Amino acid sequence: MSEQEYRVGNVAALPGTKAMGYLEVPGTLVRMPMTVVNGTEPGPTVLVTGGVHGGEYPGIEAAIRLAAELEPEKLRGRVTVIHLVSPLAFHARQQYVVPEDGRNPNRQFPGMALGTVTERMAHTIMSEVVPQVNAWVDLHGGDIHEALVPFTIFSDSAAPAVQAKSKAMAEVYGIEYVVARNSVAGGTYGAAASAGVPCILTEAGQVGQLDEANTQIHLRGCRNVLKHLGLLAGDLEPVKPIKLLAEFPWVRAEQSGCWYPAVRVGEYVTAGQSIGAVKDYFGNLLQEYHAPASGVVLFAVTSLAMNQDDPLLAVGVA
Ligand SMILES: [Zn+2]
């Protein structure tokens, strides 16, 4: 074995080569399809993850295509692409959670070696992959029952240098709305911040659809990040300046029932404005909901089915 071999789990690539395989999660049935690309010249190591949520298809498709198009002989540095972090949720067509333990993967990082299935998935990524990387792009979108306008999140709790690098990645990714926030407990970008790794979580795509426009948003973003970090040659594709949002309040359902949204994603709402109602199965009003702040609706749940404590929508506040 060469000293310059790049190994992630059981998958290893010599300089100038690319290897495909699976990142195995010990003690579970989870095998994450993965491509490891080792360039001909030394440079940074970048991780791209798709399908942390199994129903967010444009991010998964972008990861598949990025892995296929990367040419090791044209790469300076190394890239690991995990095409699909949650294959069990993907095949169950399950929103938010991994069916085996009912856990949301984006609430389980950094995970546990001897934890539940999802905790072990998070731990495997954090222990096998992340210690070797200099930057991480985590591809998401609206879930199967969520409408969404694209936005990017990075952690504002990372060390200043890590935060600055994350923001610079968000600026070249090409999504206009950017939220700098403390990570939700157990989120990928918060775990990255704790590990000192610059990271952006990018959201494009919605309502269980694979569409080309959102796939291209993710692909252009990944290519621009790799050029920005010096792994790929060539000019960055020009993108609009970001609009950094100051706050990102979520509204959650206080009861289960039927959800009737009154606003759409991308719409500007004014604080206190009605945003929809939850009714019971007989059509009786249980609660009307109001915008927590003035701003643009970044995502909104579209399903009639609503569960207590689930998000209804979120507002990006300038
Ligand atoms: Zn997601």
Has region 233-250 got at least one residue that is crowded, with 20+ Cβ neighbours inside 10 Å, assigned to a helix (DSSP H, G or I) and away from the ligand (no atom under 16 Å from the Cβ)?
-> no
Contact list, first residue from region 190-207 and touching a residue at least 40 places away in the same chain (Cβ under 8 Å), second anywhere and surrounded by fewer than 23 Cβ atoms within 10 Å (Cβ to Cβ) and among the acidic types (D, E), beta-carbon distance below 7 Å, six or more apart or interchain, is G205/D211
Look at region 187-214 and say how many of its residues are buried (at least 22 other Cβ atoms within 10 Å of the Cβ), out of contact with any Gly (no Cβ under 7 Å at 6 or more places or on another chain) and in a helix (DSSP H, G or I).
-> 6
Looking only at residues in region 264-278 that are surrounded by fewer than 18 Cβ atoms within 10 Å (Cβ to Cβ), over 22 Å from H140 (Cβ atoms) and of a type outside the set (S, T, N, Q), which one is nearest to the chain's Cα centre (by Cα)?
-> Y268
Does region 189-215 hold any residues that are within 16 Å of the ligand (Cβ to nearest atom) and on the phi > 0 side of the Ramachandran plot, and which are they?
-> G205, V207, G208
Evaluate the following for R78: is it of a type in the set (K, R) and within 16 Å of the ligand (Cβ to nearest atom)?
-> no
Test set (1) away from the ligand (no atom under 14 Å from the Cβ); (2) within 14 Å of the chain's Cα centre (by Cα) - D156 fails condition number | (2)
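Let's see how each residue does on (1) at pLDDT 95 or above; (2) among the small types (G, A, S); (3) within 13 Å of the ligand (Cβ to nearest atom); (4) on the phi > 0 side of the Ramachandran plot:
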position	(1), (2), (3), (4)
A89	yes, yes, yes, no
A92	yes, yes, no, no
G115	yes, yes, no, no
I125	yes, no, no, no
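The values are calculated or read from the model by the stated rules, or taken from the named source; none is laboratory data. Just so you know, these numbers come straight off a predicted model, no measurement behind them. We place every Cβ from the backbone using ideal geometry, glycine too, and count neighbours over all the protein chains shown.
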